[in-house]
Each structure stands twice: as structure tokens, then as C-alpha cells.
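Everything on this sheet refers to the single structure shown next.
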Amino acid sequence: MYKQLKSYLKALLEVDGVMSVILNSPDGMVIEHVNNGFESDPDITGALAAGIFGMIKRSMLRVSEEEKKFGGDVNQVLIEISDAKIMSVSVTDGILSIVSSKDVNLGMLRLVSEKVAKKVSTVMNGISE
């Protein structure tokens, strides 16, 4: 099962500019990760991404309750900093976080990440049953 997850995550490394991919639980525990020689601590990156994703999810829930204008689940969060981008995508029982260069093609990254997220969700569904 973990080999299958790792192979799905590696597909994201094929996108030019992607440096690291981390699959973590909603509480930030790393389930699996891959990288292109990018040296970072996946535990820290995964925990930070999960924290930010969770905060945005709770904030949007509150806004939707108070304003009655927005609704639904948070599917994706994009953080852009001066030297990099971090895209976090919701999957079944987890969050897929992708660390990339600032010059990554976001359209391509989004297309590939959506396909990978569906495959990862299928595997994660099998784990949670």
C-alpha cells in the first residue's frame, strides 16, 4: 500500500519545479513523502501545512455559518512566498502538500495534483475501512 502511495506522489515530482511532496494526516503526522533532493524536514513542513489547512477550513466554516454566502469543503490552499509555493490539497483522511519553486506552472501542477489526489484518496479509503 505504501509503495503504491509513494508511486502516486512521485508522479508530482515529474512536474517541473516540484521539489517535495508530503502526504500527512489532518493532524500533521507524515504518512509518506518524496522529494527531488530538496532538503527539508517533512515532519515540520507537513505539520505546518496541516495547521494552515485546518485553520482555513475552520475559518471558512465560520464564515459560511455567519454570512450564509459560502459553503462546502476546502479542497485546495495555495501559499505563495518570495522563493517558493506550497499547494495543499485535501484527500481522504489527509492532506497532500506540494512544495515547489516560485516558477512552477500552476496550471500543470493543479491538473496533476487533482489526478494524484483522486488516486491517493482511493488508497486512503481502503485504509480507513
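General observations
- Ile79 vs. criteria touching a Gly at 6+ places or on another chain (Cβ under 8 Å), outside any loop (DSSP other than H, G, I, E, B) and at negative phi: no
- Residues within the stretch 1-59 that are under 21 Å from Lys102 (Cα atoms), in contact (Cβ under 8 Å) with a residue 40 or more places away in the chain and part of a loop (DSSP other than H, G, I, E, B), tallied: 6
- Scanning the stretch 58-108 for residues that are of a type in the set (S, T, N, Q) and within 12 Å of the chain's Cα centre (by Cα) yields Asn75, Gln76, Ser88, Ser90, Thr92, Ser97, Ser100.
- Apart from one condition, Asn125 fits all of (1) at pLDDT 85 or above; (2) assigned to a helix (DSSP H, G or I); (3) not β-branched (Val, Ile, Thr); the exception is (1).
- Residue check, Val104 of a type in the set (Val, Ile, Thr), part of a loop (DSSP other than H, G, I, E, B) and modelled with pLDDT of 90 or more: yes
- For Gly126: the one exception among (1) small (Gly, Ala, Ser); (2) surrounded by 12 or more Cβ atoms within 10 Å (Cβ to Cβ); (3) under 18 Å from Leu5 (Cα atoms): (2)
- Test for Val104: is it touching a residue at least 40 places away in the same chain (Cβ under 8 Å) and farther than 18 Å from Met29 by Cβ: yes
- Any hit, the stretch 62-69, residues being surrounded by 11 or more Cβ atoms within 10 Å (Cβ to Cβ) and under 20 Å from Asp103 (Cβ atoms): no
- Given (1) within 24 Å of Met108 (Cβ to Cβ); (2) free of Cβ contacts under 8 Å to residues at least 40 places away in the same chain, number of the condition Glu66 does not satisfy: (1)
- Single residue of the stretch 49-76 satisfying the filter (out of contact with any helix residue (DSSP H, G or I) (no Cβ under 9 Å at 6 or more places or on another chain) and among the β-branched types (Val, Ile, Thr)) that is modelled with the lowest pLDDT: Val63
The values are calculated or read from the model by the stated rules, or taken from the named source; none is laboratory data. Keep in mind it's a predicted model, so treat the numbers as computed, not measured. Backbone-built Cβ (ideal geometry, glycine too); neighbour counts: all protein chains shown.
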